[in-house]
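Note sheet for the following structure.
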Amino acid sequence: MPEPAAGTVAAAGGAEPAARGAHRAALSEGRRSERRLGWLLCLPAAVVMVVVTIYPIVYALLLSFQRADLRFPSDNKWIGLTNYVTVLTNSFWWHAFAITMIVTVVSVAVELVLGMALAMIMHRTLLGRGLVRTLALIPYGIVTVVAAYGWRYAWTPGYGYLANVLAHNSAPLTQQAPAVGIIILAEIWKTTPFMALLLMAGLAIVPDDLQRAASMDGATTWQRFTQVTLPLMKPAILVALLFRTLDAVRIYDNIYVLTNGAQGTSSLSILTYHNLIGGLNLGIGSTMSILMFIAVAIIAFIFIKGFGTAAPGSDATGRR
């Protein structure tokens, strides 16, 4: 049987990679079409979001460079960065900033620990799993203002069931430190289920095979948790921390209902509200809003670029 010529073999060997290349090209074209379709489907929602969000931000930015006080409309004029200097050199702003950071750091840290424990319970519960998850999520399903009024009445002297356990005539909401503690407690009670929900989604992507393999290698429960579960849950943990941190920095409802910023418990949102709505000072209020926007953007940038926060199941670049 005659052997094939060298040129024939070379031609056959070159035809196969060419076919694979054409196949990859066809797949790439299909993926490009899917991406174009995805962008077209998202375009209407994206346009609405840009119109709804960009216009208020630009309008607030313009107001922050103006003396715009509704009590003295004839004095409105462009004053540049004067509002920013006024706000950043004011002690009330930095006191509210400190209260906001205290509430954010303490509440998010406690919620992370409690949320992890709650997520583990909901993930591992075999009997009555639906009932356990429903009971655990009840606080998050209550409207924040309604829950805040519940906490306020509970700590009201005379008829509050929590105030009755304190010394006679104690009014913790009228003192700064106890009031801040109650605000943090209300935040933890309300949003720990939200943290647990996000962490439970991270637990679902941890393979049981790895847990069993580690157990067969002699790893204890704590070692499996710290060396297997937590590293695999890192994206979910960072996403949960990012969402709750951004939410906590904008805290408003609980403080408004519990103290309305009295006794030195004002947060950045409460201070902005009092200047913008109560004081009718659109310039100063808009300046505070822009500074809060910058603070939130910096926190999000640190989490995404500094810690590599991505959705569960994504790679380091955020792609799935």
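Structure remark: mean-square fluctuation, Gaussian network model of the chain, C-alpha springs under 10 Å; the largest value among Tyr159, Tyr273, Tyr252 belongs to Tyr159.
Rg over Rh for the stretch 170-320 works out to 1.12, both radii taken from alpha-carbon positions and Rh defined as the Kirkwood radius.
Accessible area per residue for the stretch 187-298 is 43 Å², calculated with a 1.4 Å probe on protein heavy atoms, without ligands, DNA or RNA.
Inter-label distance, Trp39 to Asn260: 5.2 nm, where each label sits 7 Å from its Cα along the C-beta direction.
The distance between label points at Ser28 and Ala177 comes to 6.6 nm (points 7 Å beyond Cα on the Cα→Cβ vector). Rolling a 1.4 Å probe over the protein chains gives Ser33 an accessible area of about 50 Å². How would the stretch 41-117 be classified by its alpha-carbon gyration tensor: rounded, prolate or oblate, with rounded meaning a/c under 1.5 and the a/b versus b/c comparison settling the rest? Oblate, since a/c reaches 1.5 and b/c is not below a/b. Counting every pair of alpha carbons in the stretch 89-244, the share spaced more than 19 Å apart comes to 64 percent. Identify which of Val143, Val239, Val180 has the largest mean-square fluctuation in a Gaussian network model of the chain, with springs joining Cα atoms closer than 10 Å. Among Val143, Val239, Val180, the largest GNM mean-square fluctuation belongs to Val143. Computed from Cα atoms, the angle from the helix 144-154 axis to the main principal axis of the chain rounds to 40 degrees. Let me make sure I get this right: for the chain, a, b and c are the square roots of the gyration tensor eigenvalues over alpha carbons, sorted descending. Under 1.5 in a/c it's rounded, otherwise prolate if a/b > b/c, else oblate. Which is it? Taking the square roots of the gyration eigenvalues as a ≥ b ≥ c, the chain is oblate. Rolling a 1.4 angstrom probe over the stretch 116-188 with all protein chains present gives an accessible area of which 68% lies on carbon and sulfur atoms. In this simple spin-label model, placing a label point 7 Å from the Cα along the Cα-to-Cβ direction at both Tyr159 and Leu70 gives a separation of 3.4 nm.
The values are calculated or read from the model by the stated rules, or taken from the named source; none is laboratory data. All values derive from a computational prediction rather than experimental measurement. With ideal geometry, Cβ positions are generated from the backbone for all residues, glycine too; neighbour counts draw on all protein chains shown. Accessible surface areas use protein heavy atoms only, side chains included; no ligands, DNA or RNA. Shrake-Rupley method; radii C 1.70, N 1.55, O 1.52, S 1.80 Å.
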